[in-house]
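The values are calculated or read from the model by the stated rules, or taken from the named source; none is laboratory data. Just so you know, these numbers come straight off a predicted model, no measurement behind them. Heads up, the Cβs are rebuilt from the backbone with ideal geometry, glycines too, and the neighbour counts pull from every protein chain shown. Only protein heavy atoms, including side chains, enter the accessible area calculation; ligands, DNA and RNA are left aside. Shrake-Rupley method; radii C 1.70, N 1.55, O 1.52, S 1.80 Å.
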Amino acid sequence: MKIYIDGRYYSKEDAKISVYDHGLLYGDGVFEGIRIYHGTVFRLREHCERLYRSANAILIRIPITIEEMERAVIDTVALNNKKNAYIRLIVTRGVGNLGVNPLTCEKPSIIIIVDDIQLYPEEYYAKGINIITASTRRIASDSLDPRIKSLNYLNNVLAKIEAIQSGCLEAVMLNQNGYISECTGDNISIVTDGTIMTPASHYGALNGITKGAVIALAEKLGIPCRETALTQYDLYTADECFLTGTGAEIMPVVSIDGRLIGNGMPGEITKRLIASFSEEIAAQSG
Ligand code: PXG
């Protein structure tokens, strides 16, 4: 395995960063998770654009251009010779003093890891998962906008622990006003009366690239789709529910807080989207 750090490649054993890096000391940095399908990087430009937007929002100036970043990702993928894998692209604030002040950090560091990923066991894609609502609220947008994909995942980690302690694989989080935002590592959507509905990102959700891909697919398939405000009642009374994310792809949800969604089986529209999504992946890579 070859890991990229600031323009050089290291083996997994030698890929190390300073303990003075503010990414470690303060979670001060941004990242992306990207998929490689059949040797092609999925939606690389979109991921890089989101990375640069996240960095800009927290005043990190990435020391290479977006084109150079794309090239670095593609080169690292080629060097690792993996056809189906996951890319973790990280930009940290860099090495500084002990002390929050980011101005002591001279240069942001760029790290690219290419490795395998499986977020959910395979059998759940056919039968769906149960989720709970976490009591941990999504961090408020005026504290740290959830559209920034930062290295600060503690809020999500706490909600994930709630999910696991309840025997679930994922938890949905509400925002400060009680509206549905997203899950700990996935966006959430429902289907009611044939319409797909998903919280708009200003309700406290990451602007998910998989969610965007699914909305585009829905349009192609002629399925109405709306980004809107959703409450727990909307989830409980939905005909179908599914999660979207780079790691998860499209995962059916069959119960929420003990309420069955639809008949407790993955819904028809969800299944159509899963089928179209895998066709799209096959087509873009073919
Ligand atoms: N919300 C959050 C909080 C996420 O972290 C998504 C939504 C889905 O966004 P994309 O753009 O991926 O469709 C994410 C993405 C992991 C892992 O290691 C998490 C994600 C992606 C890949 C791996 O848990 N989350």
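On alpha carbon coordinates alone, what is the Rg over Rh value for the stretch 122-205, Rh being the Kirkwood radius? Before the final figure, lay out the partial values.
Working: Rg = 13.1 Å, Rh = 13.4 Å.
Reported Rg/Rh (Cα atoms, Kirkwood Rh): 0.98.
Suppose all protein chains stay in the model; what accessible area per residue would a 1.4 Å probe give for the stretch 38-117, in Å²? Spell out each step's value before the answer.
Details: 4190 Å² over 80 residues.
Accessible area per residue, the stretch 38-117: 52 Å².
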- Convert 10 °C to kelvin, take the viscosity as 1.306 mPa s, use the Kirkwood radius over C-alpha pairs of the chain as Rh, and evaluate the Stokes-Einstein diffusion coefficient in µm²/s, rounded to a whole number. 80 µm²/s
- Note on the structure: From the Cα centre of the stretch 82-149 to that of the stretch 213-243, the distance in Å is 24 Å
- Item | Portion, in percent, of the accessible area of the stretch 2-115 that falls on carbon or sulfur, probe 1.4 Å | 53 percent
- Message: What distance in nm lies between label points placed 7 Å from Cα along the C-beta direction at ARG71 and ASP193?
- Response: 5.4 nm
- How large is log10 I(q)/I(0) at q = 0.09 Å⁻¹ when the Debye formula is applied to the Cα atoms of the stretch 124-285, each weighted equally and without solvent? -0.26
- In the stretch 33-116, if every C-alpha pair distance is counted and binned at 5 Å from zero, what percent goes to each bin? 3, 14, 25, 22, 15, 11, 7, 3, 1
- Which of ASN177, TYR236, ALA283, positive extreme of dipole for the stretch 124-285 (C-beta unit charges): ASN177
- Under a straight-distance cross-link criterion of Cα-Cα below 20 Å, which aspartates and glutamates are reachable from LYS220, leaving out those fewer than 8 residues away in the same chain? GLU46, ASP193, GLU240, GLU249, GLU268, GLU279, GLU280
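Going highest first, how would you order 114-126, 39-51 by mean Cβ packing within 10 Å? Mind dumping the intermediate values first?
Working: 114-126: 13.2, 39-51: 18.1.
Going by the mean number of other Cβ atoms within 10 Å, highest first, we get 39-51, 114-126.
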- Message: Please report the carbon-and-sulfur percent of the accessible area for the stretch 124-285; probe 1.4 Å, protein heavy atoms only, DNA, RNA and ligands left out.
- Response: 51 percent
- the stretch 163-206 residues near the modelled ALA229 label - backbone nitrogen below 17 Å, point 7 Å along Cα→Cβ: 174-182, 197-205
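For the stretch 85-158, what does the alpha-carbon gyration tensor say about shape, rounded, prolate or oblate, given a ≥ b ≥ c as the root eigenvalues, a/c under 1.5 as rounded, and a/b over b/c as prolate?
Numbers: a/c = 3.56, a/b = 1.52, b/c = 2.34.
Because a/c hits 1.5 or more and a/b fails to exceed b/c, the stretch 85-158 counts as oblate.
Relative to the Cα centre, what is the charge dipole magnitude of the stretch 2-115, using +1 at the beta carbon of each Lys and Arg, -1 at the beta carbon of each Asp and Glu, and rounding to the nearest 20 debye?
On the way: 16 positive and 14 negative charges, 57 e Å.
Magnitude of the dipole: close to 280 debye.
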- Task: Starting from the Cα of LYS16, draw a straight line to each of the lysines and keep only those under 18 Å, dropping any in the same chain fewer than 8 residues away.
- Result: LYS2, LYS107
- Item | For the chain, size of Cβ-based charge dipole, Lys and Arg +1, Asp and Glu -1, in debye | 420 debye
- Task: Name the aspartates and glutamates eligible as straight-distance cross-link partners of LYS12: C-alpha to C-alpha under 16 Å, and not fewer than 8 places from it in the same chain.
- Result: ASP115, ASP116
- Which residues in the stretch 105-132 have a backbone N closer than 14 Å to a point placed 7 Å from the Cα of SER18 along the Cα-to-Cβ line? 105-110
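Report the rotationally averaged projected area of the stretch 201-286 based on its alpha-carbon convex hull, in square nanometres.
Seen from a random direction, the Cα hull of the stretch 201-286 projects 6.0 nm² on average.
As a test of the formula, what do you get for the chain when each DSSP H run with n ≥ 4 contributes -39,500 (n - 2.57) and the sum is divided by the residue count, at 222 nm and rounded to the nearest 500 deg cm²/dmol? If you can, show how the numbers build up before the last one.
Details: 8 runs with 86 residues, N = 286.
Value at 222 nm, helices only, nearest 500: -9000 deg cm²/dmol.
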- Message: Along the Cα→Cβ direction, 7 angstrom out, place labels at THR40 and LYS220. What is the inter-label distance in nm?
- Response: 1.0 nm
- Task: At 1.4 Å probe size, with no ligands or nucleic acids counted, give the accessible surface of CYS225 in Å², nearest ten.
- Result: 40 Å²
